[in-house]
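Novice: Can you keep this structure in mind? I'll have questions shortly.
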Amino acid sequence: MAVTDIKAFAHLTEADVDALGRELDAIRRDIEESRGERDATYIKKAIKIQRGLAVAGRVALFASAFPPAWVAGTAMLGLAKIIENMELGHNVIHGQWDWMNDPEVHSSTWEWDTTCPSEQWKHSHNYVHHKYTNVVGKDDDVGYGILRVTRDQRWTPYYLGQPLYNAMLAVFFQYAVALHDLNIAQIRKGKKDKRTTLRQLKQIAKKVGRQLGKDYVLFPLLTGPQFLSTLTANATANLIRNLWAYSVIFCGHFPDGAEKFTVEEFENETPHEWYLRQMLGSANFHAGPLMAFMSGNLCYQIEHHLFPDLPSNRYAEISVRIKALCEKYELPYTTGSLARQYALTLRTLWKLSLPDRFLTATVDAAPETASERGGPVQKLRRPG
């Protein structure tokens, strides 16, 4: 079930939550005060790597009629698109580098290489998702409007097709993200202003047209007789990026231990309880430096949700302090291998496609989320 009382769920007193919040505030201050040249060097180097891969991939595709060149060009282009979306676009648009006052890496100027307009992403992701993280009925990322990821979402026959919807979402992930801020559910109910909807649709159409024209017309045409092989390479690179972005995001939000919350709990939430909700509602996965870079450092999803506007290259060092706080306050630090986190997510998605009467566990003891009356979090007890 969704958590209805965060403090009771985590077995923390109000004083404990305030003390935890102050320690997290101190971490934020420490990172903000220590930002400097090494961080600026990191992001500039990331941009050089991404652009170098993109150029090398495009050059290789001039010989894409030869299989080795096609594979090399596609691989480099796919990596470039991943880095641009995950480490650059997502993090720059969050404002992680605004402190540099560099227009090249400022959230107000960056337009990323995907079909979702950055303006709409800032609202649906930076504002809605990060403010209402995992609050059922408030956070549209809970199932993305098409998937059932918690038993708090009422089952309907529509969800029988969930395994198929999930597969399609992974393949066409950038287009699903592009439509996310439209809030189609509100449009169907007639609750959204038509002028706003039309303006957003025009923005999306313009961005989609630009992306399609670039990847499937302009760049293939530039390679002349290799038009078709370049077109298939671009489509494959986009698919690689879509599948990877989908996997990273789902493994940070839907494996076991990533809790869901009620609207009632959110309405009475203090700033320090917001911190606690981010810690309980997010999940990490194990990654070395290379995988961390390729995931936009979202292998540290807990740290990202606590400090979404701090530089992503600092999440690894922040994680050491967060783990220590979790031990101190006897809170879970939900993590596991990427394969394990995705396997748990997939199990939840497949299982919840069925009516609850076919599920063996009760709502309160469902393995996909800890219960308010049992489960991994409830077994933790504060001393004294």
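Novice: Looking at ALA10, ALA80, ALA46, ALA15, which is the one that is free of Cβ contacts under 8 Å to residues at least 24 places away in the same chain and not charged (D, E, K, R)?
Specialist: Among ALA10, ALA80, ALA46, ALA15, only ALA15 is free of Cβ contacts under 8 Å to residues at least 24 places away in the same chain and not charged (D, E, K, R).
Novice: Out of (1) free of Cβ contacts under 8 Å to residues at least 40 places away in the same chain; (2) over 24 Å from the mean Cα position of the chain (by Cα); (3) surrounded by fewer than 19 Cβ atoms within 10 Å (Cβ to Cβ), what's the single condition that is false for ASP5?
Specialist: The failed condition is (1).
Novice: Name, by its number, the condition in (1) part of a helix (DSSP H, G or I); (2) within 25 Å of GLY257 (Cα to Cα) that does not hold for LEU179.
Specialist: Among (1) part of a helix (DSSP H, G or I); (2) within 25 Å of GLY257 (Cα to Cα), the lone unmet condition for LEU179 is (2).
Novice: In addition: Does GLN120 count as in contact with a Cys (Cβ under 9 Å, 6 or more places away or on another chain), under 22 Å from GLN96 (Cβ atoms), at pLDDT 95 or above and buried (at least 17 other Cβ atoms within 10 Å of the Cβ)? Spell out how you get there, then give the answer.
Specialist: Details: in contact with a Cys (Cβ under 9 Å, 6 or more places away or on another chain): no; under 22 Å from GLN96 (Cβ atoms): yes; at pLDDT 95 or above: yes; buried (at least 17 other Cβ atoms within 10 Å of the Cβ): yes.
In short, no.
Novice: Turning to a different aspect of this structure: Considering only the range 43-102, state which residues are more than 20 Å from the chain's Cα centre (by Cα), of a type in the set (Lys, Arg) and either farther than 20 Å from ILE240 by Cβ or crowded, with 23+ Cβ neighbours inside 10 Å (or both).
Specialist: Those that are more than 20 Å from the chain's Cα centre (by Cα), of a type in the set (Lys, Arg) and either farther than 20 Å from ILE240 by Cβ or crowded, with 23+ Cβ neighbours inside 10 Å (or both): LYS44, LYS45, LYS48.
Novice: Of PRO367, PRO308, which residue is modelled with pLDDT of 90 or more, within 30 Å of ASN242 (Cα to Cα) and outside any helix (DSSP H, G or I)? Spell out the reasoning first.
Specialist: On the way: PRO367 fails: modelled with pLDDT of 90 or more.
Selected residue: PRO308, the only one of PRO367, PRO308 that is modelled with pLDDT of 90 or more, within 30 Å of ASN242 (Cα to Cα) and outside any helix (DSSP H, G or I).
Novice: Is it the case that some residue within the range 18-33 is farther than 18 Å from ASP309 by Cα, out of contact with any His (no Cβ under 8 Å at 6 or more places or on another chain) and part of a helix (DSSP H, G or I)?
Specialist: yes
Novice: Do you know which of the residues in the range 189-217 that are of a type in the set (Lys, Arg) and under 26 Å from the mean Cα position of the chain (by Cα) is farthest from LEU77 (Cα to Cα)? Give the derivation first.
Specialist: From the range 189-217, those of a type in the set (Lys, Arg) are 189, 191-192, 194-195, 199, 202, 206-207, 210, 214; that's our starting set.
With the extra rule that they be under 26 Å from the mean Cα position of the chain (by Cα), the set shrinks to 192, 199, 202, 206-207, 210, 214.
Working: LYS192: 38, ARG199: 32, LYS202: 28, LYS206: 23, LYS207: 20, ARG210: 18, LYS214: 13 Å.
The extreme case among them is LYS192.
Novice: I need the full set of residues from the range 265-281 which are of a type in the set (D, E, K, R) and in contact (Cβ under 8 Å) with a residue 60 or more places away in the chain, in order please.
Specialist: Across the range 265-281, the qualifying residues are GLU265, GLU269, GLU273, ARG277.
Novice: Report whether or not GLY143 is on the phi > 0 side of the Ramachandran plot, buried (at least 18 other Cβ atoms within 10 Å of the Cβ), at pLDDT below 95 and not polar (S, T, N, Q).
Specialist: Yes; evaluated as a whole, the condition is true for this residue.
Novice: Would you confirm, using the coordinates I've provided, whether ASN284 is of a type in the set (S, T, N, Q), within 25 Å of VAL136 (Cβ to Cβ) and free of Cβ contacts under 8 Å to residues at least 40 places away in the same chain?
Specialist: The answer is no for ASN284.
The values are calculated or read from the model by the stated rules, or taken from the named source; none is laboratory data. As the structure is a computational prediction, the values presented were derived from the model and not from experiment. Here Cβ is always computed from backbone atoms with ideal geometry, including for glycine, and neighbour counts include all displayed protein chains.
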